[in-house]
Amino acid sequence: MKPQYPPHPSVPAYRPDIDGLRAVAVLSVLVHHAFPDLLPGGFVGVDIFFVISGYLITGLIVDALAHNRFSFADFYARRVRRIFPALLLVLACTAVVGWYRLTPDEYAALGKHMLAGAAFVSNFVLWQEAGYFDAESAGKPLLHLWSLAIEEQFYLVWPLLLYALFRWRRQAVLPVTTLLLLASLALNLVLVQDHPEAAFYNTAARLWELLIGAVLAIWQHRRPAAMPASGGPAPGALVLSVAGLGLLVVALIALHPQRQFPGLWAVLPTLGTAMLIAAGPHTWIHRHLLAARPMVWIGLISYPLYLWHWPLLSVAHLQTGGDAPWTWRLALAVMSIALAALTYVLLERPLRYGRMHPRLLLTALCGGMAGLAAAGLVGVQQQGFEQRFPPEVKQLTTGGGTRMVTQGWRNKDCMLDFRVPPSEFKDFCIEDRRPLIFLWGDSHANSLYPGFKALQDSGRYRFGIGERGGAICPPILGIEPRPACRDINNDTIEAIRQHRPDVVVLYAWWHHRNYDLAPLENTVAELRAAGVPRIILLGAVPFWQGPLPRVLFDAWRKGPVSRLPPLRLKEQLDPQLDAITEEMRRRSQAMGIEFISGLDAFCNEDGCLTRLSEDAVEPLSYDYGHLAPAAVTYYVQWLAPKIFGPPPPR
C-alpha cells in the first residue's frame with residue numbers, strides 16, 4: 001500500500017520520486033556511517049530529510065486549512081501513528097541488547113537518551129553533552145534521534161503558527177515563513193563560527209532547513225505550476241532537476257565532518273533537494289532514477305531504516321573498540337535494511353492503515369512511549385543497574401565522566417578549547433621559578449600537569465612549571481587541525497621566547513588522523529632558535545581502541561570469569577602504538593633531541609597495564625588514553641629521574 005499524501009492543487013496525491021529522494025537521504029546516511037571514507041558527506045542525508053518533511057507536512061496543513069478541514073487532533077494522531085510504532089520497537093530492542101552489552105555508565109547514558117528520545121528532546125540533551133571530552137558519538141546508540149526530535153518539535157509548533165496566520169491574514173503566510181527562514185539561517189551562520197554545537201543541535205538554528213520545504217509548498221499552493229497538456233515536465237524543470245542533483249552530488253562528495261556545519265555548507269543539500277522537488281515528477285531524472293522501483297522501495301522503509309542502522313553500528317563499534325571489520329559493517333548495513341523492511345511490513349503499515357480502533361491504538365502507542373520514557377528514567381536513577389556486576393568490576397568499568405578524565409587539569413586556563421583565542425591563557429600558567437619545565441602539546445600534555453604539580457609539592461625536586469596547550473592542537477607550528485590551533489601555537493612559541501624555559505616537553509596524540517607531523521622539525525628548530533637548551537619528546541602511553549573501562553568490561557565478560565579483569569592486556573591496544581613510537585624515536589634521534597617512550601613505563605612482554613596493581617580499583621585511563629589521576633602521578637614519578645636526574649639527598 002502506498003502512503004497517501006492529501007493533495008493540494010500543485011502536488012499529486014503521491015509522488016514516487018519523493019520517496020526516491022528519501023532513499024537518497026537514508027542511503028547516504030547509512031553508507032557514511034558504515035563506511036565514512038567512502039561517502040564523506042553522507043551525513044547531509046539528514047538535511048535532505050528536513051527539506052522533504054517541511055515540504056510534505058506544510059503541503060498537508062496548507063491544503064487542509066485552505067479547504068477548512070484542518071483538525072489538530074487528526075494531525076497529531078497521524079503523527080503518532082507514523083512515528084511511534086517503529087520508534088517504540090527500536091528503543092525497546094536497544095534497551096534489551098544494552099542490558100547484556102553495556103557497562104553501567106553506558107547503560108545509564110542509554111537510559112538518559114531513551115528518556116530524551118521518547119520525549120523528543122534528544123537534540124537538547126546531546127547539545128548539553130557536546131564538547132571535546134564528550135563520549136565519542138559512535139558509542140551512543142541513540143545519537144541519531146536528535147534529528148527526529150527537531151522534526152517533531154517542528155511538527156508541534158508549525159501547525160499552530162500556520163493556523164494562526166490563516167485565521168489572521170492568509171496573504172502573510174508566505175512572507176512570514178520566508179522571514180522565519182532567513183532569521184533561522186542568520187542565527188545558524190552566527191552560531192556556527194564560535195558555537196558549532198548550538199548551530200548543529202539548536203532547533204531554532206536548524207528550522208530554516210525545514211522551512212525551505214515549507215516555503216516551496218506554500219509558493220506552489222499559491223501559484224500552481226502550469227503543466228503541459230502532454231503531462232511532460234514543466235518549463236525549466238530539466239534545468240532545476242540537473243542543478244538540484246548536481247548540488248546533492250557535490251555535497252555528498254565534497255563535504256566532510258570536519259567542516260563547519262551546518263552553516264553555508266548546508267545550503268548545498270537543502271537547496272538541491274528543494275530544486276529537485278520543485279522540478280516536478282516528470283523529468284528523466286525523476287522518472288528513471290528517483291522513481292525507480294528499488295529507490296521507491298527504500299524510500300518507503302526509510303524511516304525504520306534510519307532508526308535501525310545506527311544502534312546496530314554503534315553496538316558493533318563498542319564491541320570492537322571502533323575497529324569493526326568492513327565485513328561486519330556491511331553485514332550490519334544489510335541487516336538494518338532487512339529489519340526496516342520487516343518493521344514496515346509487519347508493524348508500521350498495519351498500524352497506520354489497519355482496522356484497529358483509532359483511540360485504542362493511540363492510547364496504546366502513547367502509553368508504550370511513556371513506559372519506555374519511565375524505563376529510561378529508572379535506568380538513570382539506578383546508575384545503569386550497576387548491581388548486575390560484582391563491586392570490583394563495577395568500580396573498574398565505571399567511566400567517571402569528564403570530571404574524572406580532567407581531574408586536576410587547568411582546563412580553560414592553561415588548556416584552551418580549539419576554538420578559543422590564545423588571549424584566554426592565564427598568567428599563572430607559566431611560573432617564575434627555575435629550572436622551568438614547559439609542557440607544550442594537546443590535551444595529553446595538559447593531562448600531565450597534576451603529576452608534575454604533585455612532584456613539585458612533594459619537595460623532592462625544585463622546579464617551576466610552564467603549561468600551554470590546546471584541545472586537538474599538537475605542538476607543531478604552522479598547522480591547523482582545528483580552528484585557533486595555529487594562533488595558540490604561535491602565541492606559545494612567543495611565550496617560550498619570552499620566558500626561556502630550561503626544558504620543553506613536547507607531547508601529543510602523535511598519530512591522530514588530523515595531525516600533520518611534517519613541520520615537527522621546523523618547530524624544533526624554532527625552539528632552538530628561542531634559546532631552549534633541552535627538548536624532550538614524549539611518546540605515547542597505552543592508547544586503547546575505545547574507552548579503557550569498556551575494554552576491561554569486554555575482557556571480564558569474555559572470561560574466564562574471575563573477580564577482576566586482567567591486570568595487563570594486549571588485546572584492544574591501539575594497533576598504531578608501536579609504529580608511531582618507533583617513528584617518533586627515529587625522528588627525535590635525527591633532530592638531536594631526547595625521546596622517552598611512555599610505553600616503557602606501563603608495558604612489557606605480557607601487555608600494558610590496565611591499572612596500577614591487582615588491587616587497584618581505578619583504571620589506567622577513563623577514556624582511550626588520557627591517564628587517570630593515580631596513573632599520571634606514577635608516570636611523572638617514573639619520568640622525574642629522566643628529566644631531573646637523581647633526586648638530591650633529603
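The values are calculated or read from the model by the stated rules, or taken from the named source; none is laboratory data. Because the structure is predicted, anything quoted here is derived from the model rather than measured. With ideal geometry, Cβ positions are generated from the backbone for all residues, glycine too; neighbour counts draw on all protein chains shown. To get the accessible areas, we keep the full protein, side chains included, count just its heavy atoms, and leave off ligands, DNA and RNA. Shrake-Rupley method; radii C 1.70, N 1.55, O 1.52, S 1.80 Å.
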Anything in segment 634-647 that is open to solvent by less than 50 Å² (accessible area, probe 1.4 Å) and in contact with a helix residue (DSSP H, G or I) (Cβ under 7 Å, 6 or more places away or on another chain)? List them, or say none. TYR635, VAL636, ALA640
Would you mind finding the one in CYS429, CYS473 that is of a type outside the set (Asp, Glu), open to solvent by less than 10 Å² (accessible area, probe 1.4 Å) and within 27 Å of the chain's Cα centre (by Cα)? CYS473
Sort out which residues of segment 599-616 are of a type in the set (D, E, K, R) and within 21 Å of MET584 (Cβ to Cβ), and write them in order of number. ASP600
For segment 522-566, name all the residues that are among the β-branched types (Val, Ile, Thr), under 28 Å from the mean Cα position of the chain (by Cα) and closer than 30 Å to GLY592 by Cα. VAL541
Check segment 609-631 and report whether any residue there is part of a helix (DSSP H, G or I), at pLDDT 90 or above, open to solvent by 60 Å² or more (accessible area, probe 1.4 Å) and at negative phi. no
Per the filter on segment 255-290, residues open to solvent by less than 40 Å² (accessible area, probe 1.4 Å), touching a residue at least 60 places away in the same chain (Cβ under 8 Å) and not in a helix (DSSP H, G or I) are LEU255, PHE261, PRO262, PRO281
Residue hits (segment 87-111; hydroxyl-bearing (Ser, Thr, Tyr) and either surrounded by 16 or more Cβ atoms within 10 Å (Cβ to Cβ) or modelled with pLDDT of 90 or more (or both)) are THR94, THR103, TYR107
Taking the condition within 26 Å of the chain's Cα centre (by Cα), open to solvent by less than 60 Å² (accessible area, probe 1.4 Å), over 27 Å from THR103 (Cβ atoms) and modelled with pLDDT under 85, does ARG410 pass? no
First in segment 1-30 and open to solvent by 40 Å² or more (accessible area, probe 1.4 Å) and of a type in the set (A, V, I, L, M), second anywhere and assigned to a helix (DSSP H, G or I) and modelled with pLDDT of 50 or more, Cβ under 7 Å, 6 or more apart: MET1/ARG349; MET1/TYR353; LEU27/ILE298
Enumeration of residues in segment 243-260 that are under 17 Å from LEU30 (Cβ atoms) and in contact with a helix residue (DSSP H, G or I) (Cβ under 8 Å, 6 or more places away or on another chain): LEU248, ALA251, LEU252, LEU255, PRO257
Let me confirm something: among ARG349, ARG329, ARG293, which residue is open to solvent by 30 Å² or more (accessible area, probe 1.4 Å), under 18 Å from HIS144 (Cβ atoms) and either of a type in the set (Lys, Arg) or modelled with pLDDT of 95 or more (or both)? ARG329
Cβ-Cβ below 9 Å, separation at least six or inter-chain, first residue in segment 101-112 and within 18 Å of TYR622 (Cβ to Cβ), second at pLDDT below 90 and of a type in the set (Asp, Glu): which pairs? THR103/GLU386; PRO104/GLU386; ASP105/GLU386; TYR107/GLU386; ALA108/GLU386; ALA109/GLU129
Unmet criterion (only one of (1) over 27 Å from the mean Cα position of the chain (by Cα); (2) not in a loop (DSSP other than H, G, I, E, B)) for ARG434: (2)
Qualifying positions in segment 296-312 - hydrophobic (A, V, I, L, M, F, W, C) and either in contact with a Phe, Trp or Tyr (Cβ under 9 Å, 6 or more places away or on another chain) or open to solvent by 30 Å² or more (accessible area, probe 1.4 Å) (or both): TRP297, LEU300, ILE301, LEU305, LEU312
Being part of a helix (DSSP H, G or I), within 20 Å of ARG22 (Cβ to Cβ) and open to solvent by less than 30 Å² (accessible area, probe 1.4 Å): is that true of LEU248 here? yes
Residue among ALA138, ALA130 that is surrounded by fewer than 20 Cβ atoms within 10 Å (Cβ to Cβ), at pLDDT below 95 and in contact with a His (Cβ under 8 Å, 6 or more places away or on another chain): ALA138
Selected residue [touching a strand residue (DSSP E or B) at 6+ places or on another chain (Cβ under 7 Å) and of a type outside the set (Gly, Ala, Ser)] from LEU552, LEU520, LEU577, LEU573: LEU573
Check whether at least one residue in segment 490-508 is farther than 23 Å from ASP413 by Cα, under 33 Å from the mean Cα position of the chain (by Cα), open to solvent by 10 Å² or more (accessible area, probe 1.4 Å) and not hydrophobic (A, V, I, L, M, F, W, C), and report yes or no. no
Would you confirm whether any residue within segment 526-541 is open to solvent by less than 60 Å² (accessible area, probe 1.4 Å), under 30 Å from PRO104 (Cβ atoms) and touching a residue at least 60 places away in the same chain (Cβ under 8 Å)? yes
Of all strands (runs of 3 or more DSSP E) completely enclosed by segment 437-556, which ones contain at least 1 residues that are at pLDDT below 95? 464-470
The lone exception for LEU143 - which of (1) under 29 Å from LYS558 (Cβ atoms); (2) open to solvent by 40 Å² or more (accessible area, probe 1.4 Å); (3) within 14 Å of the chain's Cα centre (by Cα); (4) of a type outside the set (S, T, N, Q) it fails: (2)
List the residue pairs whose Cβ atoms are under 6 Å apart, where the first residue sits in segment 52-64 and is closer than 19 Å to ASP17 by Cβ, the second is open to solvent by 10 Å² or more (accessible area, probe 1.4 Å) and assigned to a helix (DSSP H, G or I), and the two are 6 or more positions apart or on different chains. SER53/GLU151; TYR55/LEU216
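Results for (1) open to solvent by 10 Å² or more (accessible area, probe 1.4 Å); (2) more than 13 Å from PRO159 (Cβ to Cβ), shown as yes or no for each residue.
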site	(1), (2)
PHE50	no, yes
TYR55	no, yes
LEU60	yes, no
ALA64	no, no
ASN68	yes, yes
ASP74	yes, no
ALA77	yes, no
VAL80	yes, yes
PRO85	no, yes
Single match in LEU599, LEU573, LEU569 (criterion: within 32 Å of the chain's Cα centre (by Cα) and in contact (Cβ under 8 Å) with a residue 60 or more places away in the chain): LEU599
Among the residues of segment 166-179, the number that are open to solvent by 10 Å² or more (accessible area, probe 1.4 Å) and either touching a Cys at 6+ places or on another chain (Cβ under 6 Å) or hydrophobic (A, V, I, L, M, F, W, C) (or both) is 6
